[in-house]
Amino acid sequence: MPDLWLATLEQLIARASCDLPADVEAALRAGRAAEAAGGNAAAAFDTLLENVDLARRCRQPLCQDTGAILLWVTAPPGVSQDAFRRAAEAAVASATRAGLLRQNSVDAITGHNSGNNLGPGNPTIHWHEEAGRQTVEVSLLLKGGGSENVGAQYALPDSSLPAGRDLEGVRRCLLHAVHRAQGNGCAPGILGVCIGGDRASGYAESKRQLLRPLGVRSPHPELAALEERVLAEANTLGIGPMGYGGRTTLLGVAIGALNRVPASYFVSISYLCWACRHHRVEATPDGRQLAL
């Protein structure tokens with residue numbers, strides 16, 4: 001089992017690192033078309049799109065910061081989590097040696113870099129068992145540090161915005177976070193959002209929302225409407241690609257919700273840069289790849 005999983009996960013990491021998803025590339029091209037020829041925003045988009053092409057053709061990382069390695073696994077009962085983790089760690093170390101991942105795992109106390117992207121919390125694996133399922137689905141997100149630094153979490157009510165405990169308050173939080181980030185998260189970005197939960201579960205769910213394809217709206221009509229409104233309003237802020245100004249500051253907004261305790265109302269925001277490096281693979285329980 002570990003050998004099959006090793007090969008499958010190595011391919012998944014390589015694709016995520018080097019091959020921008022088609023929906024994200026299409027959104028970048030649409031952003032480029034909306035900008036005036038010869039302007040800073042158009043030049044920034046041209047550079048991003050050239051980078052996308054070079055990374056894919058040369059099998060090189062889309063960005064020098066290959067980010068945190070986040071995995072979501074949905075598996076039938078009986079699949080060994082331990083064997084999967086060992087295979088995932090071996091695949092991460094192999095991809096690091098091959099230059100597909102930067103050496104990004106640093107001891108928070110000593111500052112020592114492990115050199116192979118392994119260590120406490122690296123990689124992060126979210127495991128979900130699903131009865132009746134026949135195959136294993138693995139989703140991978142490589143999330144860069146620059147975009148992670150401009151994420152935000154709000155505890156409502158917040159009189160400084162002002163924002164109350166309702167969807168209008170959530171809207172104010174999201175636009176405030178985008179405006180505060182400016183171009184520092186490598187715009188145009190994507191917002192993954194969770195309303196509710198606690199401080200830990202909210203952030204985890206906000207990251208899971210980033211796996212949703214661009215343009216796929218929440219199944220909850222009120223959240224879907226909020227996604228559309230925030231996307232439209234954020235793109236009037238004039239921040240633009242890499243903060244150079246322009247009409248495209250966000251590529252997408254994905255909002256989810258978790259139940260909360262009565263005393264708390266958190267809005268957790270994970271900002272993802274334009275290099276939206278996520279892909280998924282479906283495999284048999286022993287790790288044989290079925291679809292990538």
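Below, the figures for the structure above:
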| read-out | value |
| --- | --- |
| Single residue of S94, S139, S159, S114 found to be surrounded by 13 or more Cβ atoms within 10 Å (Cβ to Cβ) and out of contact with any Asp or Glu (no Cβ under 8 Å at 6 or more places or on another chain) | S139 |
| Index of the failed condition, A263 passing every other in (1) in contact with a Ser or Thr (Cβ under 7 Å, 6 or more places away or on another chain); (2) open to solvent by 60 Å² or more (accessible area, probe 1.4 Å); (3) of a type in the set (A, V, I, L, M, F, W, C); (4) without any contact (Cβ under 8 Å) to a residue 60 or more places away in the chain | (1) |
| One residue from G111, G119 being more than 20 Å from the chain's Cα centre (by Cα), farther than 24 Å from K207 by Cβ and modelled with pLDDT of 95 or more | G111 |
| Residues (open to solvent by 40 Å² or more (accessible area, probe 1.4 Å), in a loop (DSSP other than H, G, I, E, B) and under 16 Å from T66 (Cβ atoms)) located in region 100-111 | R102, Q103, N104 |
| Whichever residue in region 247-260 is farther than 22 Å from L28 by Cβ and among the small types (G, A, S) and, among such residues, is most open to solvent (accessible area, probe 1.4 Å) | A257 |
| Candidate set: region 162-179, residues that are farther than 19 Å from A225 by Cβ and surrounded by fewer than 15 Cβ atoms within 10 Å (Cβ to Cβ); chosen: the one farthest from the chain's Cα centre (by Cα) | P162 |
| Residue within region 219-238 that is open to solvent by less than 10 Å² (accessible area, probe 1.4 Å), touching a helix residue (DSSP H, G or I) at 6+ places or on another chain (Cβ under 9 Å) and either of a type in the set (S, T, Y) or within 18 Å of W274 (Cβ to Cβ) (or both) present | yes |
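Results for (1) within 22 Å of L292 (Cα to Cα); (2) among the hydrophobic types (A, V, I, L, M, F, W, C), shown as yes or no for each residue.
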site: W5; (1), (2): yes, yes
site: L12; (1), (2): yes, yes
site: D19; (1), (2): yes, no
site: D53; (1), (2): yes, no
site: Q64; (1), (2): no, no
site: G67; (1), (2): yes, no
site: P76; (1), (2): yes, no
site: Q81; (1), (2): yes, no
site: E89; (1), (2): yes, no
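Conditions (1) out of contact with any strand residue (DSSP E or B) (no Cβ under 9 Å at 6 or more places or on another chain); (2) farther than 26 Å from V261 by Cβ; (3) without any contact (Cβ under 8 Å) to a residue 60 or more places away in the chain, marked per residue:
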{"position": "L161", "(1), (2), (3)": "no, no, yes"}
{"position": "R165", "(1), (2), (3)": "yes, no, no"}
{"position": "V178", "(1), (2), (3)": "no, yes, no"}
{"position": "I195", "(1), (2), (3)": "no, no, no"}
{"position": "R199", "(1), (2), (3)": "no, no, no"}
{"position": "K207", "(1), (2), (3)": "no, no, no"}
{"position": "L210", "(1), (2), (3)": "no, no, no"}
{"position": "H220", "(1), (2), (3)": "no, no, yes"}
{"position": "L226", "(1), (2), (3)": "no, no, yes"}
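The values are calculated or read from the model by the stated rules, or taken from the named source; none is laboratory data. Predicted model only: the values in this text are computed from it and were never measured. For neighbour counting, all protein chains shown are included, and Cβ atoms are generated from backbone atoms with ideal geometry for every residue, glycine included. What goes into the accessible areas is simple: the full protein's heavy atoms, side chains included, and nothing from ligands, DNA or RNA. Shrake-Rupley method; radii C 1.70, N 1.55, O 1.52, S 1.80 Å.
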